[in-house]
Structures are given as C-alpha cells and as structure tokens.
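To start, the structure itself, in structure tokens.
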Amino acid sequence: MKILVTGGTGYIGSHTVVALQQKGYEVVIVDNLSNSQADIVDQIEKITGLRPELEVFDLANRELTADFFRRHSDVLGVIHFAAFKAVGESVEKPLYYYRNNLVSLMNILESMQENNIRNIVFSSSCTVYGQPDILPVSEKAPIKKAESPYGNTKQISEEILQDYIKVSGLHAIALRYFNPIGAHETALIGELPLGVPNNLVPFITQTAIGIRQELKVFGDDYPTPDGTPIRDYIHVMDLAQAHVVAVQRMIGQQMKQGFEVFNLGTGKGYSVLEVINAFEKVSGTKLNYKIVDRREGDVTQVWADPTFSHNELGWKAEKGLDEMVGSAWKWEQAYRSRS
Ligand code: UFG
C-alpha cells in the first residue's frame, strides 16, 4: 500500500499525504524543496501520527530518479504534484518551466515502466480550458491555446501521458484543479508561498495579518454581476480526498480507459469581492483593499461542471466558502504565531 507523492511537502501535496495516511496508505515523498520546507513532515506526523519518508532530490535528474525507483519498486502508484506553478514566472523563464515540468514527468514515466509500476495521478489544471465558451465547464470542453508556458506544461503533460499510456500499459488519471484554497483544520499545514503571493487567498490572509499593506483587486469592470472575475474555489482537503479516490480507482482496476480526466471543483463560482466579503465576515476583520487595473491573462469567469467526477469517482467537494477562507485564516495566524 505504498504511494509515491512527488511534491509531497508542497501545498496540495502535503494535504494529500495526510489524506492518504489516514486511509491506511504508506507514503514516500520526493521533493527538491524548491518551494517548500523539509519540516512539513514533522507537521504531517503531528496530524496523523505517521512520519512519511522523505527523499530530497530533483526529479528532473534522470539518474537520481531511476535510482529512486529501483529502490522503491514496491510502490503501487504515483501522485505527481512536483512542478513549478507560477504563471508570471513561467512567462519570464519559459525554458526553466518546460525543462522542470516536462523532463521530470518523462523521467518518472520511464522509471515507472522499468519497474513495472502502473498507476499515476497527475496534477492538471482548469487553465487548460482558458475562458470556456460554455459554463459550467465539463471535461468535454475543448482545450484552448495556453496563455502561459506554465499552462502549456499542463497541456503538454496531459498529451505525454495520453501518448505514453497507449504503448506502455500504464494507467493515468489527470485531475484538473480549479482554485484550491484553505488549509487543514489543525492549522499545522497550509499554503505557504515564498515571497509575495500570486494567488488571491494567501494575499488576503497576509494582508489581514499585516505582512502586506493592501490587497490589489485586479479589475472591477469584467462582465460579471459585481464586475470582478469569478472562480471555482475548492477546499484543499476536498481536493486531497479526490486524490485518494483516484488512487483507489486505479489500484482497484476500476478505470474505464487507460487515460481519464476529471474536473475537481465545487460547481459554484464566487467573485473576488464575494471571497473578500466572506473573509471579512468569518475573520471579523476589515480588509484593506483597492481596485486597480486588470491583471494580464486573467479570464473573466470559470467554474466546473463536477457531474462526471460525482458520477464516476463518487467524490464530491463538501466544504463551503466560509470554511475555506476560515481555515486559511486560522492557518495564517497559527503559522505566524509559531514563527
Ligand atoms: N486576484 C486579485 N488580487 C490578487 C490576486 C488575485 O484580485 O492579489 C484575483 C485575480 O485577478 C483572479 C482571482 O483573484 O480574478 C483569482 O486569482 P488567483 O491568482 O488566486 O487564481 P487564478 O484563477 O488566476 O489562478 C489559477 C491557478 C493557476 C492557474 C490559473 C489559470 O492558481 O495555477 O488559475 O488561470 F494557472
């Protein structure tokens, strides 16, 4: 029952490690700690009472990856989170993104094949849909040309998986995340962006706690009810549970095709101002924010049609917006009081 979680000390990875351990899986993490810290495994151990094994190296290194898999050929499946994920940075450093995100995936697939490991869950993104023509967006919606090298690495990775499963006998599930936010209820793990956050919720909580002076709301002139963009925010623990379900589906040989794709969203969209209002209500604080120009590359609105995931995975996101922003706030406060 051993699962390899690449990027397991990162935000979504660490929450998924907890969910896996709580379902009885043994976890080995590989992470190069480029955007996370090794002591996350201490926090995971505090939550679950189990310490995941951690190996620190870069999966873009073919030799190290091959060696790791030879030593862990008893792994039943791989959940591959490890990747760079900053949209803006990927525009500045495209080769850095392509090399890291694509080479590591290819190294993993090759090593899996060599060691007869058959199952991989891949972290994809709703970014593959761009601005969808039809909302809510289902898995059948067309893939739009990627807006950034980061988005392109997700599209190309899905294509690599699709091509490779045809000739290798591997099984792959790509999970297309909408906007993961929030933290584990213990506030022992959560989202910890290095430097200035790119994403809305960490920026909100860092502003509220006084690390950032004010939140900039990127545009209120979008064609939405309050003029701010709409996203499908999903609690990171709901997302984590979906990975466990995906792993079980693979190991239980319940997949209907060698390559499957699922949306992971709630099916409900909230605007930026609605998220801010929910945060102010739940935290009892007044957020300092101002409306500024639009951010380049932002789509107007996107939310998931989660019907296929409900029907096929038997999985459904359960936590609402208040709980999401409340847990993010609890995490921010707990983390700052510890450090
Ligand atoms: N926003 C602000 N101010 C901020 C940060 C964000 O107003 O300081 C707004 C954005 O304009 C957007 C919304 O909050 O309308 C959500 O922005 P995020 O950056 O939190 O999330 P995105 O929807 O832009 O990003 C997500 C994923 C990426 C993915 C991208 C594709 O985090 O991995 O969708 O569009 F690439």
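Nothing in this text is a laboratory measurement; each read-out follows from the coordinates by a stated rule. The structure presented is a predicted model; accordingly, all values stated were derived computationally and were not measured. Note that each Cβ is placed from the backbone with ideal geometry, even for glycine, and that neighbours are counted across all protein chains shown.
Give the Debye-formula value of log10 I(q)/I(0) at each listed q (0.19, 0.21, 0.29 Å⁻¹), with one equal scatterer per alpha carbon of region 1-62, two decimals each.
Evaluating at q = 0.19, 0.21, 0.29 Å⁻¹ gives log10 I(q)/I(0) of -0.59, -0.71, -1.30.
Under 5 Å between amide hydrogens, which residues at least 5 positions from Asp305 or on another chain qualify, with H placed 1.01 Å from N in the peptide plane?
Excluding prolines and chain starts, which carry no amide H, the hits are Val137, Ser138.
Go through Gly10, Gly219, Met250 and say which Cα lies farthest out towards the positive end of the charge dipole of the chain; charges sit on Cβ, +1 for Lys and Arg, -1 for Asp and Glu.
Met250
Modelling each spin label as a point 7 Å along the Cα-to-Cβ direction, I'd like the Met1/Phe308 distance in nm, to one decimal.
Placing both labels 7 Å along Cα→Cβ, they lie 3.1 nm apart.
Explain nothing, just the number: relative contact order of the chain, from Cα pairs under 8 Å at least 6 residues apart, as a whole percent.
19
At what distance in nm do the modelled label points of Arg51 and Asn199 sit from each other, each positioned 7 Å from its Cα along Cα→Cβ?
Simple spin-label model gives 2.9 nm for this pair.
In degrees, nearest 10, range 0 to 90: what is the angle between the Cα axis of helix 11-22 and the longest Cα principal axis of the chain?
Result, in degrees: 60.
As I understand it, the value is the acute angle between the Cα axis of helix 272-283 and the longest principal axis of the Cα atoms of the chain; what does it come to in degrees, rounded to 10?
Approximately 90 degrees, to the nearest 10.
What ³J(HN,Hα) values, in whole Hz, does the Karplus curve 6.51 cos²θ - 1.76 cosθ + 1.60 give for region 39-48 when θ = phi - 60°, with x put for Gly and Pro?
Each residue's phi maps through the Karplus curve to give 6, 4, 5, 5, 5, 4, 5, 5, 6, 9 Hz.
Starting from one equal scatterer on each C-alpha and no solvent at all, send me the Debye-based log10 I(q)/I(0) for region 107-228 at q = 0.19 Å⁻¹, two decimals.
Each listed q maps to, in turn, -1.18.
Given that compact globular proteins tend to follow 2.2 N^0.38 Å, what is the ratio of the alpha-carbon Rg of the chain to that value?
0.95
Expressed as an acute angle from 0 to 90° and rounded to the nearest 10, what is the orientation of the C-alpha long axis of helix 236-251 relative to the principal long axis of the chain?
The angle comes out near 20 degrees.
Assigning unit charges at the beta carbon (Lys, Arg +1; Asp, Glu -1) and nothing else, what dipole magnitude in debye, to the nearest 20, does region 135-181 show about its Cα centre?
My answer is approximately 100 debye.
If Rh is defined by the Kirkwood formula over all Cα pairs and Rg also comes from Cα, what ratio Rg/Rh do you get for region 206-331? Intermediate results must be reported in sequence, preceding the final value.
Numbers: Rg = 17.4 Å, Rh = 16.5 Å.
The Rg/Rh ratio comes out at 1.05.
So, R0 is 25 Å and r is the distance between the beta-carbons of Asn61 and Val91; what FRET efficiency does that work out to, to 0.05?
Once the sixth-power term is evaluated, E becomes 0.45.
For region 46-196, take every pair of Cα atoms, bin their distances at 10 Å starting from 0, and report each bin as a whole percent.
Here the calculated profile for region 46-196 is 10, 34, 36, 19, 2.
Pull up the DSSP beta bridges for the chain and report the antiparallel fraction as a percent, rounded to 5.
In the chain, DSSP labels about 5 percent of beta bridges as antiparallel.
For region 155-172, in order, what is each residue's ³J(HN,Hα) by Karplus, 6.51 cos²θ - 1.76 cosθ + 1.60 with θ = phi - 60°, in whole Hz (x at glycine and Pro)?
5, 5, 4, 4, 5, 4, 4, 4, 5, 6, 5, 5, 10, 10, x, 6, 10, 9
Can you work out ³J(HN,Hα) from phi for every residue in region 253-266, in order, using Karplus 6.51 cos²θ - 1.76 cosθ + 1.60 and θ = phi - 60°, giving whole Hz and x for Gly and Pro?
Running phi through 6.51 cos²θ - 1.76 cosθ + 1.60 with θ = phi - 60° gives 6, 9, 5, 8, 9, x, 10, 10, 10, 9, 7, 10, x, 8 Hz.
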